[in-house]
Amino acid sequence: MSVSEIKCPHCGEWTMWQDNVDDRCINCGGFLDSRRFSREVEKKINKDLKQEDDYFAIKPTDGSFIRIFKTFFNSLRWTAYYVQLVFFGIITLLMFLLSVFAA
């Protein structure tokens, strides 16, 4: 991990920077790369929301067998969902083509 100096975007003073997301200025305490920090926080929130959207939510207290079980059934659920979408898309296309060629 390399340490370098950059100018703080908030106070304009030089400060030490280790290229971490949560690095702060030693003078004013502001984030040195606030946009990057915001993006990382947003990614974490979106990841947590996606995990909560699963049918079987995986909790930190679940054992390894339960985690595998829940992951398998969550992926099975999403696979069935997409197979249904493709099936209904094909049926809709066939009905459209039959109605166009029948006329």
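The values are calculated or read from the model by the stated rules, or taken from the named source; none is laboratory data. These figures come from a predicted structure and were not determined experimentally. Cβ: placed from backbone, ideal geometry, glycine included. Neighbour counts: every protein chain shown. With ligands, DNA and RNA removed, areas are computed over all heavy atoms of the protein, side chains included. Shrake-Rupley method; radii C 1.70, N 1.55, O 1.52, S 1.80 Å.
Summary of computed values
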item: Heavy-atom accessible area per residue - the chain, 1.4 Å, Å²; result: 84 Å²
item: Accessible surface of the chain [probe 1.4 Å, protein heavy atoms]: carbon and sulfur percent; result: 63 percent
item: Most to least accessible of Arg67, Arg24 (protein chains only, probe 1.4 Å); result: Arg24, Arg67
item: Tilt relative to the chain, helix 34-53 - C-alpha long axis, 0 to 90 degrees, to 10; result: 30 degrees
item: Positive-end residue, the chain charge dipole about Cα centroid, Cβ charges, pick of Ser75, Thr92, Asn20; result: Thr92
item: Folded to 0 to 90 degrees: helix 64-102 orientation relative to the chain principal axis, Cα; result: 50 degrees
item: Whole-Å semi-axes of the chain's equivalent ellipsoid (Cα gyration tensor); result: 50, 24, 10
item: Separation of the Val41 and Lys7 label points, Cα + 7 Å toward Cβ, nm; result: 2.6 nm
